[in-house]
Amino acid sequence: MAPKITLDHISMKFGDFYAVHDISLDVEEGEYVTILGPSGCGKTTLIKVISGIWHPTEGRVLIDGEDVTDVPLEDRDMGYVFQNIALFPNLTNLANVEYGPRVRAWPPEEQRATAEKYLKLVAMLDRAGMFPGELSGGEQQKVAIARALASGSKILMLDEPLSALDARVRMELRYEIRRIVKELGITVLHVTHDQEEAMSVSDRIVLMRAGRVHDTGAPLDIYRNPQSIFAAYFIGETNLLEGYVSGWTKNGRTKVRLRGGHTVRAEKSAFATGDAVVISVRPENVYTADDGLKAKVVSVVFMGTFWRVRTVAETGDYLEYNVSGNHAAPRPGDQVMLVFNKRMTKVFARPAEGLEGAISLE
Ligand SMILES: Nc1ncnc2c1ncn2[C@@H]1O[C@H](COP(=O)(O)OP(=O)(O)OP(=O)(O)O)[C@@H](O)[C@H]1O
Ligand SMILES: [Mg+2]
């Protein structure tokens, strides 16, 4: 059975500055959790506290209910890939990957076979006899992944393990890592600032901002039902428009009057008429129609499967929508009328710190 990790009110201070502020979190047995958040929000600090590199200023780390806060790194039995890769420079790549199995005193043939299996997986078997210093950054990252997977640990800590790899390799490896850890029943904490990576590999995403957990949920939930403007903005892409609740449709949907007077329909909500709100609608939920919010196309970018059309709406806001890549796209200067998928148009309270403050990365 894979271990469960519990963070109990963890804080980490550097001087007066809280890099991690009062985080409590359970990572269940065999769960694959990604920690997502902007640069500097405390992801690496949190991983270092969990793996035992740093002792938290406050709070406890528990593994299967046992307090390990004072247990040093080498006794926590975790496989890890740190952000600044730390392969043993004086060992060959093969010996690096064999390290875990050797410490566990597996039979020698099994040590070798395991190391070779994972080096092959990351397409580095042909470099087995070379030293880490003879590899590029991305190649070292692959060896570090192989070493972590081969370690035999039931907990894996991955801090930006794929950041130095090409897009295609990154995509292949992330699915491979997920497949293997699920097969082996390993509990994983994977740090990334790549929201697409987080969406595609996680059982659950923990969104961090400025040292705190901001939102948490399964990828689909957090994407479809973000609990805050920041979550809607940071995970995926979205259009944010300010307005006031102006009434209700007979089906109970919220009517929102936007700047300039145009009214749109949004999801059901518990707001009251007159409340200042922000609506969030993703580009894939905005369509052109014969009537709607007037907008003028300012740019069109081909993204492969779709065109991303950027417009300036009559509200004065930029508003983006998608057109299938198989269809003809509008041109800059064209006038369009836009309507929203109302069920997918979220309504949030207008934040006291202003919209800019709500989406700022700090
Ligand atoms: N050893 C340290 N001493 C002082 N401040 C630190 C130290 N390590 C990290 N910090 C600060 O703590 C904050 C969080 O850093 P951390 O490395 O955890 O961010 P991160 O979320 O991993 O960012 P990135 O995505 O850029 O890797 C930053 O403001 C950083 O400057
Ligand atoms: Mg980091």
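Rounded to the nearest 0.05, the FRET efficiency derived from the C-beta distance between Glu362 and Ala105 at R0 = 45 Å is 0.40.
Taking every alpha-carbon pair within region 119-187, the share separated by more than 18 Å comes to 34 percent. When the Cα convex hull of region 238-350 is projected onto planes of every orientation, the mean area is 6.7 nm². A cut-off of 5 Å between modelled amide H atoms, ignoring neighbours fewer than 5 places along the same chain, links Thr345 with Glu267. Could you work out what % of the accessible surface of region 114-249 is carbon and sulfur, using a 1.4 angstrom probe and leaving DNA, RNA and ligands out of the count? The nonpolar share, carbon plus sulfur, comes to 49 percent. For the chain, what does the helix formula give at 222 nm: sum of -39500 (n - 2.57) over DSSP H segments with n ≥ 4, over the residue count, nearest 500 deg cm²/dmol? The per-residue figure over the chain is -7500 deg cm²/dmol.
Annotation: extensible slack from Tyr318 through Asp22 equals 102.9 nm (criterion: 0.36 nm per residue apart, minus Cα-Cα distance). Remark: the Cα gyration tensor places region 72-190 in the rounded category, a/c being less than 1.5. Taking all protein chains together, His327, His262, His190, His214 sort by accessible area into His327, His214, His262, His190, largest first [probe 1.4 Å].
Taking a straight Cα-Cα cut-off under 25 Å and skipping sequence neighbours fewer than 8 places away in the same chain, the lysines within cross-link reach of Lys43 are Lys4, Lys13, Lys142, Lys154, Lys182. Per-residue surface analysis assigns Asp275 an accessible area of about 50 Å², computed on protein heavy atoms at 1.4 Å probe radius.
If you scale each eigenvalue of the Cα gyration tensor by 5 and take the root, what three semi-axes come out for region 5-230, rounded to whole angstrom and sorted largest first? Please report the intermediate quantities before stating the final value.
Working: eigenvalues 167, 79, 52 Å².
So the equivalent ellipsoid measures 29, 20, 16 Å along its semi-axes.
State, as an integer percentage, the relative contact order of region 5-230 based on alpha-carbon contacts under 8 Å between residues 6 or more apart. Before the final figure, lay out each step's value.
Working: 431 pairs, mean separation 63.4, N = 226.
It rounds to 28 percent for region 5-230.
Across region 144-162, the residues whose backbone nitrogen lies under 17 Å from the label position 7 Å along the beta-carbon direction of Glu66 are 153-156. The mean accessible area for residues of the chain, using a 1.4 Å probe and ignoring ligands and nucleic acids, is 47 Å² per residue.
Ordering Thr92, Thr311 by how much accessible area each has at a 1.4 Å probe, largest first, what is the list? Present the calculation step by step, with values, prior to reporting the outcome.
Numbers: Thr92 35, Thr311 0 Å².
Highest to lowest solvent-accessible surface, that is Thr92, Thr311.
The values are calculated or read from the model by the stated rules, or taken from the named source; none is laboratory data. Owing to the predicted nature of the structure, the values given are computational and were not obtained by experimental measurement. Neighbour counts are summed over all protein chains in view; Cβ atoms, including those assigned to glycine, are modelled from backbone coordinates with ideal geometry. When the accessible area is computed, the model is the full protein with side chains, heavy atoms only, and any ligands, DNA or RNA have been set aside. Shrake-Rupley method; radii C 1.70, N 1.55, O 1.52, S 1.80 Å.
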